[in-house]
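Colleague: Submitted below is the structure of interest, expressed as structure tokens.
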Amino acid sequence: MTEQRKTFNHSMVYVFQQALNALQLGSIYALIALGYTMVYGILTMINFAHGDLFMIGAFFCFLIAFYLKLSFVPTLLLSMLGVACLGVIIERLAYKPLRKAPRVSAIITALGVGLFLENFTLALSPYPKHIPPLLENTTWTVGSLSLSSLQIIVIVLSLVLMLILDFIVQRTKAGMAMRAISWDKTIVPLMGVPVNKIISLTFAIGTGLGGAAGMMYALAYPVIDPYMGIMVGWKAFISAVVGGIGNIRGAMIGGFILGAVEIMVAAFFPSTYRDFVAFTLLLILLIVRPYGILGKPQPQKV
Amino acid sequence: MTKLSAAYFALLKHWQTLTGYKYFWPVFLIAGLAFCAAASASEFLDLYLQLILIYVGINIILTVSLNLINGYMGEFSVGHAGFMAVGAYVASLLTVHVFPPGAVNILFPLAILAGGVGAALIGFLVAIPSFKTRGDYLAIVTLAFCMIVKSVLENIDAVGGPRGLLGMEKLTTLPWVFFWTVLSVWVIRNLVYSNFGRGVLSIREDEIASDLMSVNTRQVKIIAFVVSSFFAGIAGGLFAHALQFINPRMFDILKSTDILIMVYLGGIASISGSIIGAVIYTILLEILRPLGIWRMVLMPLMLVLLMIYRPRGIMGLREARLFIPLRDLVTEKLWRQKKKEAPDASA
């Protein structure tokens, strides 16, 4: 009896531990997916450079922590700010001239910008970098469950950022303008909404969140390289689609779902099957619900 | 009516006498094949240049076949490298493990063909979700498919797993590449200008409307995906036997991005555009090789500038006259003339 109980407790602890890991990974995916989904909602354009802005966030974090030797909070704020500025610059230079062009050329431009960011970073720093530890990583043990302070910080911080974002979008005037633009692009400018400013703001917020995610990812998995944004970026894009692209709450849910699926697969199968199972599940979900979990099927007319 | 038929005959005459197009294709094919055979038999082109030409051919096959889905049908498939991987692995397994070593040379086309058929079968599977999903969601389906292929290949130890597959002989020669490239361009060009091709175009313009106009959209989608992935598989087989080494990481999303860039650089819905895009991209990357890593910085920058100043790519939605059937040229000419006579009627 006691033996059984022990194994039961042990497996419960294991599940809980993995759930924490899933929350950590999921919150990072969710933060990046938010950037995809916000830009999509407002421009109906997939910003494929977003994953690479996430990578730039991690590199800014490295530069600031390594050369300026700032502590955690200023590093976070500065790298978010830096990535947000970069996002706005990219939007102004590369995407704005293409707003009236066919959708696909904007997508290809985004792919081009992403490749540019990757290879530019690679040209400047040819080898993977190690992030200096910014935080004292203490591990608390509750029973046989171990909690690391880093994990808690990543989860809490992303939840706080998401709450702030939700507040901005739902309660402020700028957020109202964002929702209005995603609702109707022809009427809203006539109502006196400064569309260009709002689009820039959306880019700034979305990429800023991506930068924050990059920093947290770099703290959690402290080796960074210029190509780290590709896989994570595509997975975050998948989270956005799973939640229903264009839908902010959907992106958060999608991120947590994908994080949970990946961690669970890695926990119960050989870890090389992780991508395979995760993507197969995604395919099944998309066949069952072709518009994502919270997405609404668009009315089709001739 | 007499005026119209007079215009038809005038054009016919113009077509045959002035341009000499009647002899262009036979001359081009014979000269091209002779050049390729001479180049691979003697050494007047060094092996490096030959390899570049082989890559150009493979990239043309990939680009033209992806253009069928992304350009003519208007979908956004990002999994082309996955089909390529299937073709590469099937063909390589056949030549390395199945075929008797002495007869590999003769059986090589069979291996390539088998790679294409394998990829086509997978393409059939990918076509099924495309009945219901479109746009970004279909992009995700194809992306997921590409990742699944890579992940499966990494987990099968019999094909080398993440280490990859070795031991192919260098069977991809310039004449073979020329043959397969011409075949793929010919097949896809004929498909696009056939009755079936009109169905493909109508799906791009409006899927529901074309469904209502009795286009069998499911059948059209299946055929388009199968043909496209068949040629991607062919290209994969050729690629594997040109490089003599493959591993799953070669066929990841970056490879798909490369093909996408060639398609949109050349322009959508244009055979000549695809050829131009593939040639320019491949050769430019080689010319810029002395720049080292900075060429990979320069290329995307040029792509972005091209997209800003020419959003439709080099030949977007246009076609070189060489690839347009005479029938279509005449129709267009008649249509223009009609429009000139009665400008309001066609508007």
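The values are calculated or read from the model by the stated rules, or taken from the named source; none is laboratory data. What you are looking at is a predicted structure, and each value in this text was computed from that prediction instead of being measured. Because the Cβ atoms are built from the backbone with ideal geometry, glycine has one as well, and the counts that use them run over all protein chains shown.
Colleague: For region A:293-302, which positions are crowded, with 18+ Cβ neighbours inside 10 Å and modelled with pLDDT of 80 or more?
Modeller: First, the residues of region A:293-302 that are crowded, with 18+ Cβ neighbours inside 10 Å: A:294-295.
Across region A:293-302, the qualifying residue is only A:L294.
Colleague: Quick one: count up the residues across region A:101-113 that are in a helix (DSSP H, G or I) and facing chain B (nearest Cβ under 7 Å).
Modeller: 7
Colleague: Look at B:V304 and say whether it is free of Cβ contacts under 8 Å to residues at least 12 places away in the same chain, within 14 Å of chain A (Cβ to nearest Cβ), touching a helix residue (DSSP H, G or I) at 6+ places or on another chain (Cβ under 9 Å) and buried (at least 22 other Cβ atoms within 10 Å of the Cβ). It would help to see each step written out before you state the result.
Modeller: Working: free of Cβ contacts under 8 Å to residues at least 12 places away in the same chain: yes; within 14 Å of chain A (Cβ to nearest Cβ): yes; touching a helix residue (DSSP H, G or I) at 6+ places or on another chain (Cβ under 9 Å): yes; buried (at least 22 other Cβ atoms within 10 Å of the Cβ): yes.
Yes: the conditions hold for B:V304.
Colleague: Determine whether region B:188-201 contains at least one residue that is touching a helix residue (DSSP H, G or I) at 6+ places or on another chain (Cβ under 8 Å), within 21 Å of B:Y55 (Cα to Cα) and among the hydrophobic types (A, V, I, L, M, F, W, C).
Modeller: Within region B:188-201, one or more residues are touching a helix residue (DSSP H, G or I) at 6+ places or on another chain (Cβ under 8 Å), within 21 Å of B:Y55 (Cα to Cα) and among the hydrophobic types (A, V, I, L, M, F, W, C).
Colleague: Out of (1) without any contact (Cβ under 8 Å) to a residue 60 or more places away in the chain; (2) buried (at least 22 other Cβ atoms within 10 Å of the Cβ), what's the single condition that is false for A:R99?
Modeller: If we test A:R99 against (1) without any contact (Cβ under 8 Å) to a residue 60 or more places away in the chain; (2) buried (at least 22 other Cβ atoms within 10 Å of the Cβ), just (2) comes out false.
Colleague: Right, something else. Report whether or not A:L81 is among the aliphatic types (A, V, I, L, M) and either out of contact with any Gly (no Cβ under 9 Å at 6 or more places or on another chain) or at pLDDT below 90 (or both). Spell out how you get there, then give the answer.
Modeller: On the way: among the aliphatic types (A, V, I, L, M): yes; either out of contact with any Gly (no Cβ under 9 Å at 6 or more places or on another chain) or at pLDDT below 90 (or both): no.
No, not satisfied.
Colleague: Given the conditions (1) modelled with pLDDT under 90; (2) within 21 Å of A:L53 (Cα to Cα); (3) assigned to a helix (DSSP H, G or I), report the number of the one that A:P126 does not fulfil.
Modeller: Of everything listed in (1) modelled with pLDDT under 90; (2) within 21 Å of A:L53 (Cα to Cα); (3) assigned to a helix (DSSP H, G or I), A:P126 misses just condition (3).
Colleague: Further question: For region B:51-68, does any single residue satisfy the condition of being in a helix (DSSP H, G or I), aliphatic (A, V, I, L, M) and within 14 Å of another protein chain (Cβ to nearest Cβ)? Can you show your working first?
Modeller: Here is the first cut: in region B:51-68, the ones in a helix (DSSP H, G or I) are B:51-68.
Filter again for aliphatic (A, V, I, L, M), leaving B:51-54, B:56, B:58, B:60-62, B:64, B:66, B:68.
Then keep just the ones that are within 14 Å of another protein chain (Cβ to nearest Cβ); that gives B:66.
Yes.
Colleague: Continuing with the same structure: Restricting attention to region A:144-161, which residues are assigned to a helix (DSSP H, G or I) and surrounded by 11 or more Cβ atoms within 10 Å (Cβ to Cβ)?
Modeller: Residues of region A:144-161 assigned to a helix (DSSP H, G or I): A:149-161.
Scanning region A:144-161 gives A:S149, A:L150, A:Q151, A:I152, A:I153, A:V154, A:I155, A:V156, A:L157, A:S158, A:L159, A:L161.
Colleague: Output the residue which, of all residues in region B:307-326 that are touching a residue at least 60 places away in the same chain (Cβ under 8 Å) and assigned to a helix (DSSP H, G or I), is surrounded by the most Cβ atoms within 10 Å (Cβ to Cβ). Can you show your working first?
Modeller: Residues of region B:307-326 touching a residue at least 60 places away in the same chain (Cβ under 8 Å): B:321-326.
Subset that is assigned to a helix (DSSP H, G or I): B:321-323, B:326.
Values: B:R321: 12, B:L322: 13, B:F323: 16, B:L326: 14.
Only one residue fits best here, namely B:F323.
Colleague: Looking at region A:114-143 only, could you name the residues that are surrounded by 11 or more Cβ atoms within 10 Å (Cβ to Cβ) and within 14 Å of chain B (Cβ to nearest Cβ)?
Modeller: A:G114, A:L115, A:F116, A:L117, A:E118, A:N119, A:F120, A:T121, A:L122, A:A123, A:L124, A:S125
Colleague: Then there is this: For region A:200-211, state whether one or more residues are touching a residue at least 12 places away in the same chain (Cβ under 8 Å), surrounded by 20 or more Cβ atoms within 10 Å (Cβ to Cβ), among the aromatic types (F, W, Y) and within 14 Å of another protein chain (Cβ to nearest Cβ).
Modeller: Taking every residue of region A:200-211 in turn, none turns out to be touching a residue at least 12 places away in the same chain (Cβ under 8 Å), surrounded by 20 or more Cβ atoms within 10 Å (Cβ to Cβ), among the aromatic types (F, W, Y) and within 14 Å of another protein chain (Cβ to nearest Cβ).
Colleague: Is it true that some residue in region A:264-271 is within 28 Å of A:T75 (Cβ to Cβ) and within 20 Å of the chain's Cα centre (by Cα)?
Modeller: Quick first cut of region A:264-271, residues within 28 Å of A:T75 (Cβ to Cβ) only: none.
No: region A:264-271 contains no residue that is within 28 Å of A:T75 (Cβ to Cβ) and within 20 Å of the chain's Cα centre (by Cα).
Colleague: Among (1) on the phi < 0 side of the Ramachandran plot; (2) touching a strand residue (DSSP E or B) at 6+ places or on another chain (Cβ under 8 Å), which single condition is B:Q244 missing?
Modeller: (1)
Colleague: For residues in region B:94-147 being more than 21 Å from B:S256 (Cβ to Cβ) and within 14 Å of chain A (Cβ to nearest Cβ), which is nearest to the chain's Cα centre (by Cα)?
Modeller: Among those residues, the one meeting the criterion is B:F131.
Rundown of residues vs (1) within 14 Å of another protein chain (Cβ to nearest Cβ); (2) in contact with a helix residue (DSSP H, G or I) (Cβ under 9 Å, 6 or more places away or on another chain); (3) crowded, with 24+ Cβ neighbours inside 10 Å, yes/no style:
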residue	(1), (2), (3)
A:Y227	yes, yes, no
A:A251	yes, yes, yes
A:A267	no, yes, no
A:L283	yes, yes, no
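Colleague: Step by step: first the residues of region B:288-301, then only those that are assigned to a loop (DSSP other than H, G, I, E, B) and more than 7 Å from chain A (Cβ to nearest Cβ), then the one that is farthest from B:Y72 (Cα to Cα). Which residue is that?
Modeller: Taking region B:288-301 and keeping what is assigned to a loop (DSSP other than H, G, I, E, B), we get B:288, B:292-293.
Going one step further and asking which of them are more than 7 Å from chain A (Cβ to nearest Cβ), we end up with B:288, B:292.
Numbers: B:L288: 31, B:G292: 36 Å.
That would be B:G292.
Colleague: Further question: Out of the residues in region B:199-216 meeting the condition of being assigned to a helix (DSSP H, G or I) and more than 13 Å from B:G74 (Cα to Cα), tell me which one is nearest to the chain's Cα centre (by Cα). So that I can check it myself, show each step before the final result.
Modeller: Here is the first cut: in region B:199-216, the residues assigned to a helix (DSSP H, G or I) are B:199-205, B:207-212.
Adding the requirement that they be more than 13 Å from B:G74 (Cα to Cα) leaves B:208-212.
Working: B:I208: 27, B:A209: 27, B:S210: 25, B:D211: 26, B:L212: 30 Å.
Once the filter is applied, the top-ranked residue is B:S210.
Colleague: How many residues are surrounded by 13 or more Cβ atoms within 10 Å (Cβ to Cβ) and closer than 11 Å to B:F196 by Cβ when one looks only at region B:208-220?
Modeller: Keep residues of region B:208-220 that are surrounded by 13 or more Cβ atoms within 10 Å (Cβ to Cβ), which gives B:209-211, B:215-218, B:220.
Subsequent filtering for residues that are closer than 11 Å to B:F196 by Cβ retains B:215-216, B:220.
Final tally of qualifying residues: 3.
Colleague: Given the residues B:Y55, B:Y72, which is the only one that is surrounded by 22 or more Cβ atoms within 10 Å (Cβ to Cβ) and closer than 21 Å to B:G116 by Cβ? Spell out how you get there, then give the answer.
Modeller: Details: B:Y55 fails: surrounded by 22 or more Cβ atoms within 10 Å (Cβ to Cβ).
Every option except B:Y72 fails the conditions.
Colleague: If I go through region A:47-100 residue by residue, how many of them are in a helix (DSSP H, G or I), among the hydroxyl-bearing types (S, T, Y) and more than 14 Å from every other protein chain (Cβ to nearest Cβ)? Spell out the reasoning first.
Modeller: Kept after step one, since they are in a helix (DSSP H, G or I), are these residues of region A:47-100: A:50-68, A:72-98.
Now restrict to residues that are among the hydroxyl-bearing types (S, T, Y): A:67, A:75, A:79, A:95.
From the residues that got through so far, the ones that are more than 14 Å from every other protein chain (Cβ to nearest Cβ) too are A:67, A:75, A:79.
Total satisfying the criteria: 3.
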